[in-house]
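Reading through the structure tokens given below for one structure.
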Amino acid sequence: MQQHKTCVAMLLAGGQGSRLGILTRHVAKPAVPYGGKYRIIDFPLSNCANSGIDTVGVLTQYKPMELNSYIGSGAPWDLDISTGGVFVLPPYSKGEEGEWYKGTANAIYQNLAFIEQFNPKYVLILSGDHIYKCDYAEMLAHHIKHEAALTVAVRQVPWEDASRFGLMNTDEDGRIIEFEEKPKNPKSNNASMGVYVFTWEKLRDYLTSDERDPKSQNDFGKNIIPTMLNAGERLVAWNFNGYWKDVGTIESLWDANMDLLSPTPPINLHDRKWRIYARNVGEPPHFASPKGVIQNSLVTEGCEVYGKVVHSVLSADVKVAEGAVVEDAVIMPHAKIGKNAVIRRAIIAENAEIGEGAVIGEETGDIAVVGSNTIVAPGYVLKAGEQLGE
Amino acid sequence: MQQHKTCVAMLLAGGQGSRLGILTRHVAKPAVPYGGKYRIIDFPLSNCANSGIDTVGVLTQYKPMELNSYIGSGAPWDLDISTGGVFVLPPYSKGEEGEWYKGTANAIYQNLAFIEQFNPKYVLILSGDHIYKCDYAEMLAHHIKHEAALTVAVRQVPWEDASRFGLMNTDEDGRIIEFEEKPKNPKSNNASMGVYVFTWEKLRDYLTSDERDPKSQNDFGKNIIPTMLNAGERLVAWNFNGYWKDVGTIESLWDANMDLLSPTPPINLHDRKWRIYARNVGEPPHFASPKGVIQNSLVTEGCEVYGKVVHSVLSADVKVAEGAVVEDAVIMPHAKIGKNAVIRRAIIAENAEIGEGAVIGEETGDIAVVGSNTIVAPGYVLKAGEQLGE
Amino acid sequence: MKQNIVGLIYTGERVDELQELTRYRNTAALPMVGRYRLIDFTLANMIHSGIKNIGIIMQKNYHSLMDHLGSGREWNLHGKRSGLTILPPFMSRENVGVYDGLLDALHNNMNFMRRSVERNIVVTDSNVLYQVDFRDMMNHHLDNKADITLLYTKDRNVRRNARGRYLQVEKDQVTKLEIDPTIPHFENTYVGAFIIRRELLIDLVDRAVASGQHHSSREMIAQMVSERIYRIGAFECPGRVWMIDSVESYYQCNMDFLNDKLRAQAFRDDKPVWTKLRDEMPARYMGDSLVTNTLVADGCLIEGTVENSILFRGVVVKPGAVIRNSIIMQDAVISRNAEVENCILDKQTTLREDVRLIAPRSYPLVVPKNLTI
Amino acid sequence: MKQNIVGLIYTGERVDELQELTRYRNTAALPMVGRYRLIDFTLANMIHSGIKNIGIIMQKNYHSLMDHLGSGREWNLHGKRSGLTILPPFMSRENVGVYDGLLDALHNNMNFMRRSVERNIVVTDSNVLYQVDFRDMMNHHLDNKADITLLYTKDRNVRRNARGRYLQVEKDQVTKLEIDPTIPHFENTYVGAFIIRRELLIDLVDRAVASGQHHSSREMIAQMVSERIYRIGAFECPGRVWMIDSVESYYQCNMDFLNDKLRAQAFRDDKPVWTKLRDEMPARYMGDSLVTNTLVADGCLIEGTVENSILFRGVVVKPGAVIRNSIIMQDAVISRNAEVENCILDKQTTLREDVRLIAPRSYPLVVPKNLTI
């Protein structure tokens, strides 16, 4: 059967995300929990589903198992269809030997045959590192309207931060005339989001020639975009104005969770026209006990709160025992907080168990982290900014 | 959520199957078409579904893309469930560097964490190289009844062939007392089928210690089974009496197809209590034209036969033009046989196009093969035993 | 990508002329062309027009249709965000109901129309077989600035005396409408599909019901034409159209698929027609089989002679048996030396050895399902 | 692994005492415990007993139940080889029917029973909530060499005067049966579930219908007991049993789930209760919320005070609002300073600002769905 997809998405989910410390020791970054019932990868996958993109390749090579299990058949995102769907794509052996993904561009290059089978007109490149809601269909329409070879999603960052980003300098029509990677003296504040729409033939051609260049680092930002600019291809910028958060560090992951607790959260997860889908674990409603206290928090199904929870995010199946205090904290799925334990400005990862009277984190200072499956002894004290884990 | 699976299956689908020549140049062996509408992997997957095993890991490192696309969400085999299902498991990066699968045992070892998450009692090890119908539930019941650490499926082979196999010498109770790999003077004719049921703890322990042995080849037959025997573990044999065909060579693949054309085929694919499932391509019924002739053949939906087809297997969407003759041949999906072409004792792979008047194969001699996507020029002659392909 | 059309299929047509074929199934569930049901072609039209949200209004006899559609998985219509919605007849403490025509059906399924988010809706009957891209029709509708656009055909094959709806079309606009004329005066036959803004349809149905026109949509459209308030567009259906409204037209439609060209029109590589799967093995030709000009589905076992026929999945033709100009449905068995000509054998029928069942070409005989003769 | 029991759930109970709660839905579709429907607990019992082939006999008002079950995907019952089979009321040219009790329903769904391949069948009602492993019951049935085994409970909570079926059980055998006694004489209440060999059930139904006992299965079982031809086993249901047959029992059952122990019995880590998903975000506690002894589902937004209550998905509690001892269903809105006590608010109800709706504990008030007060 001959297939014709308008657009296939390729999601770069490969990074270990080492700046997340012990949180990514056992899982890839896109599988890190966020916001009570989501994982980071739910955002690009749900965006795809809501944008009408039904074929997604997920490129991964680090700890793919948890991601593989989480994605499963793709049903939670309506991506379990016979004419497309979601595929986890690790590097594979070609004849005698295989090779790992060398860079972002190389990861796509190694999967050109995957894309080819869907015979698409356009390819959407995504990364699995950000929390945002985005209608890729609008971006694609922009790309088509401007007959671009490549459209780069950009967002305006404060001028003082601009030098930390890859910047797209555009002319008045939105055409990209220059790309600067972390310049000292930025000429614009249009930061690339690492979200690209390529016309498929262009992508294929430039990836193929880039691969032949032994000096190339096979990276979109460092190699592909500059080469295309030099070749005079039509590159346009597409402005994104919504909430966009890189959750690549402990601090930013914690921040992004706290964002959800403001009276008017900068990202609305209650939007029934743009639901964020997630794999559901089948827990009963959460229980607020007669003596428990819950204030300014997100609490997910399966939780049982006998202690005090203030300004925190509780993921599915978290237990907070009597006398325990959880404040300004992110508690990931299945974690147990023992009696009289105190958790402040901390992230407690999946399945961790905090013993009675333990004190994790402090009222001020850096975020304390307890890694997944870690059992913290009763009375243990973990100071601000410290990490404890297997 | 705590899971408890009785049995998880691990399917070793890694082999390139180089003895299949150009047939496996673009696909892994388990993805090779067979019997008109199946691929080799449909047999172990359907056996799992029919045996009530709903969680299958498919271990692969060579050309996984086609296999990945073919398996998709697992829906054709009822393996698209949220509490299990089918997972394609390639080797993955652990921290800084990754490693390819070194041997069959190492492939399972690298995926111990995958198995662990389902917390099974037993693990079924399968390979993706054989055509057979087998009720693994019976084998599992045998394993449980005999309180074995490992149960090996065996079948009786003719004594004269026995020295080509790994043989399980058993006592009168069916307990394995000796394992001989291709002995010159066989003491039994119980050949191992490479199908194993392990008690999970035993498997985990022996794989872990095998991995620590730098001299081990990390192979079930060469290392794990002898070690377990030496350690005095209870190893039992389970007799399988049905049709079982290794399709590892061009000749045996062709043979296995021809088996289906006998008046009473040795394997019944029309068995409605044990269906072999396959991904369906949505083709209309096949068309036997007013002038076409079809005799003693299997013809799949989507075919159009204007020429003569005798004692052959036609897969989905094969076209046989006027005047063409197809005899003793296997034609794989989407292949086109041009006018007046003659195909005899041949395998024509997927999407191949045979030009007008070309002659492929001969009435006697070895099987001729045309590889996938190959366009054969009009009038071309391919002799017996020759292979033509990209 | 994201679509702006929701589909609604009405399966309530009652066609007594289909005799035993619709005794236990509705017209939409009629087995067609060896492995399909009639509704598969309507679904294919919608799916390949990018429509992902489809409601199916059920009527009497809908067991086989529900069984066929299942979860919608085979059509990739099983999603959470969209997919197939089965709309069974509304039955409450007050209402043990069967719809009284399309208008009544629409009125009782207002919830589905209201809940949908798409701007436009295409409403189709289910007893017509054709190929159309509703996106082309939608574009025509918009370019034509129409309020509603009707699909029509000039195919003379679907004209009937004293039955059907015929349109006078002038400059892409419907100016007159005839319902069930003794002899049709206009060359354009309404194919039973229209496109309209969803909100407008809701409004029209509300008003029509309020004013007591409960019988069918015919009046609604007829009134729209006569009132001249709305601009009623007309879009011509490309290719052949088959109206399945009698045993003869059912038989002829199936037989037409033996024609290479018409088959190629219906089954395009890039627009597969999906249907419920059976996981049958390929068809087997054994012994002295002789099969010509015949469509054969998977799972058949043929040892006899078949010509100018259609064999559905799992049909068994024993040695010496002869089938001519016939439609043999799923799992039927034609025993040794039996002969069948110009017949329609329904599912699981069995013809015993040496039995001859021969009808005139002009009047194909229907054998009801499960019968052994 | 491979199972030898097929499940059949009868959803035809008509319980007028449930008032408005079952006006547009049947008992099986009653919303329970914040995010479930009553049938989810029956399905969980079957799924965790390894039953993979389940038929559901539909009756009047089954729209919401069909919508809930969808393709069966959420229960992993969407496979080809097995899964959920929706059995809508049989309607043909002859029969616009509603079943006249379980026996009639079984008779009209003989096809499902005949097509199944499992050796045994468990048939359950759908208005009882309990936890049982049918494999234990099956083993008991076999060890006991029974022809049919009835599930019963000694839980006094389900005893009713003038209603119900009560069993005299001697040595695991039912020796007497009472139907709707003024005052029950036996301490064992039949829970509405029995296990039997599939072929035997088919035979019994055939014979019962042939002899004109069309009304219900009650007579069939009663007759079996009195005839003393068959060995009628009895298996005691472990744990609590809730019979949902009135507004009061519905209310009490939900409230019982505020008890940690009873909740732990129903929701085990290794036996999740699946239900239709809504993809809601976690519940949000904002402002001066004060919530105690309450079950809260995802999607709620709570800015007011809630105690001893159950909030279904998407409930909004505005600042100053107070909810006590109440069940608030999906998407209900309690506006500022409104107060509700001892009430059951059905889906999408809205309480306007400052409105007070207070009922006595002994007589909880039901507010029908979509109402704004």
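Return yes or no: is B:K308 charged (D, E, K, R), more than 8 Å from chain C (Cβ to nearest Cβ) and buried (at least 19 other Cβ atoms within 10 Å of the Cβ)?
yes
What's the number of the only condition in (1) farther than 23 Å from C:H78 by Cβ; (2) aliphatic (A, V, I, L, M); (3) within 17 Å of the chain's Cα centre (by Cα) that D:V117 fails to meet?
(3)
Tally the residues that are in contact (Cβ under 8 Å) with a residue 40 or more places away in the chain and in contact with a strand residue (DSSP E or B) (Cβ under 8 Å, 6 or more places away or on another chain), restricting the search to the stretch B:29-41.
Going through the stretch B:29-41 one residue at a time, the tally reaches 9.
If the requirement is being in contact with a Cys (Cβ under 6 Å, 6 or more places away or on another chain) and away from chain B (no Cβ under 14 Å), which of these qualifies: C:L351, C:L345, C:L357, C:L311?
On the way: C:L351 fails: in contact with a Cys (Cβ under 6 Å, 6 or more places away or on another chain); C:L345 fails: in contact with a Cys (Cβ under 6 Å, 6 or more places away or on another chain); C:L311 fails: away from chain B (no Cβ under 14 Å).
Checking each option against the conditions leaves just C:L357.
Being closer than 22 Å to A:E356 by Cα and at pLDDT below 95 is the requirement here; does A:G292 meet it?
Numbers: closer than 22 Å to A:E356 by Cα: yes; at pLDDT below 95: yes.
In short, yes.
Does D:V296 satisfy the criteria of being within 24 Å of the chain's Cα centre (by Cα), closer than 20 Å to D:S64 by Cβ and either in the same structural domain as D:M32 (by TED's automatic domain parsing) or β-branched (V, I, T) (or both)? Break it down into steps so the answer makes sense when it comes.
Numbers: within 24 Å of the chain's Cα centre (by Cα): yes; closer than 20 Å to D:S64 by Cβ: no; either in the same structural domain as D:M32 (by TED's automatic domain parsing) or β-branched (V, I, T) (or both): yes.
No, not satisfied.
Between A:L269, A:L261, A:L253, which is in contact (Cβ under 8 Å) with a residue 24 or more places away in the chain and surrounded by fewer than 20 Cβ atoms within 10 Å (Cβ to Cβ)?
It is A:L261.
Is it the case that the stretch A:335-343 has a residue that's touching a residue at least 12 places away in the same chain (Cβ under 8 Å), within 7 Å of another protein chain (Cβ to nearest Cβ) and farther than 26 Å from A:E251 by Cβ?
no
Looking at A:S51, A:S82, which one is under 23 Å from A:A191 (Cβ atoms) and facing another protein chain (nearest Cβ under 9 Å)?
After applying the criteria, what remains is A:S51.
Based on this model, can you work out whether C:N254 counts as over 30 Å from B:N257 (Cα atoms) and crowded, with 22+ Cβ neighbours inside 10 Å?
Judged against the criteria, C:N254 is a match.
Here's a check for you: in the stretch A:364-387, which residue that is without any contact (Cβ under 8 Å) to a residue 24 or more places away in the chain and not in a strand (DSSP E or B) is farthest from A:Y34 (Cα to Cα)?
Here the answer is A:A377.
I'm trying to understand the selection: among the residues of the stretch D:252-293, which are more than 21 Å from A:P333 (Cα to Cα), within 27 Å of the chain's Cα centre (by Cα) and at the interface with chain A (Cβ under 7 Å from one of its Cβ atoms)?
D:N293 - this is the single residue of the stretch D:252-293 that is more than 21 Å from A:P333 (Cα to Cα), within 27 Å of the chain's Cα centre (by Cα) and at the interface with chain A (Cβ under 7 Å from one of its Cβ atoms).
Tell me which residues, restricted to the stretch A:293-304, are under 16 Å from D:M286 (Cα atoms) and more than 7 Å from chain D (Cβ to nearest Cβ).
A:V293
Restricting attention to the stretch C:28-41, which residues are away from chain B (no Cβ under 14 Å), in contact with a Ser or Thr (Cβ under 6 Å, 6 or more places away or on another chain) and touching a residue at least 40 places away in the same chain (Cβ under 8 Å)?
C:A28, C:I39
Looking only at the stretch B:117-157, how many residues end up being without any contact (Cβ under 8 Å) to a residue 40 or more places away in the chain and over 22 Å from the mean Cα position of the chain (by Cα)?
Matching residues across the stretch B:117-157 total 3.
Give C:S49, C:S71 a once-over and let me know the one that is surrounded by fewer than 22 Cβ atoms within 10 Å (Cβ to Cβ) and within 11 Å of chain D (Cβ to nearest Cβ).
That would be C:S71, the only listed residue that is surrounded by fewer than 22 Cβ atoms within 10 Å (Cβ to Cβ) and within 11 Å of chain D (Cβ to nearest Cβ).
Evaluate the stretch C:270-277: report whether one residue or more is in the same structural domain as C:I327 (by TED's automatic domain parsing), in a loop (DSSP other than H, G, I, E, B) and closer than 27 Å to B:L260 by Cα.
No: zero hits.
Show me the helices (runs of 4 or more DSSP H) entirely contained within the stretch B:33-139 in which 1 or more residues are surrounded by fewer than 21 Cβ atoms within 10 Å (Cβ to Cβ).
On the way: elements: B:42-50, B:64-71, B:104-109, B:112-116.
The qualifying helices (runs of 4 or more DSSP H) are B:64-71, B:104-109, B:112-116.
Can you find, within the stretch A:183-231, the residue that is nearest to A:H143 (Cα to Cα) among those that are of a type in the set (D, E, K, R) and buried (at least 19 other Cβ atoms within 10 Å of the Cβ)?
A:K202
For the stretch D:348-368, which positions are buried (at least 20 other Cβ atoms within 10 Å of the Cβ) and assigned to a loop (DSSP other than H, G, I, E, B)?
Scanning the stretch D:348-368 gives D:T349, D:P364.
Taking only the stretch C:296-317 into account, find how many residues are surrounded by fewer than 24 Cβ atoms within 10 Å (Cβ to Cβ) and under 21 Å from B:V310 (Cβ atoms).
Of the residues in that region, 4 qualify.
Can you tell me which residue within the stretch B:261-292, out of those that are among the polar types (S, T, N, Q) and within 7 Å of chain C (Cβ to nearest Cβ), is nearest to C:L277 (Cα to Cα)?
B:N280
Looking only at strands (runs of 3 or more DSSP E) that lie completely in the stretch C:1-93, which have at least 2 residues being modelled with pLDDT under 90 and under 25 Å from A:G74 (Cα atoms)?
C:83-87
The values are calculated or read from the model by the stated rules, or taken from the named source; none is laboratory data. Here the structure is a predicted model, which means the values were calculated and not measured. So basically every Cβ, Gly included, is an ideal-geometry build from the backbone, and we count neighbours across all protein chains shown.
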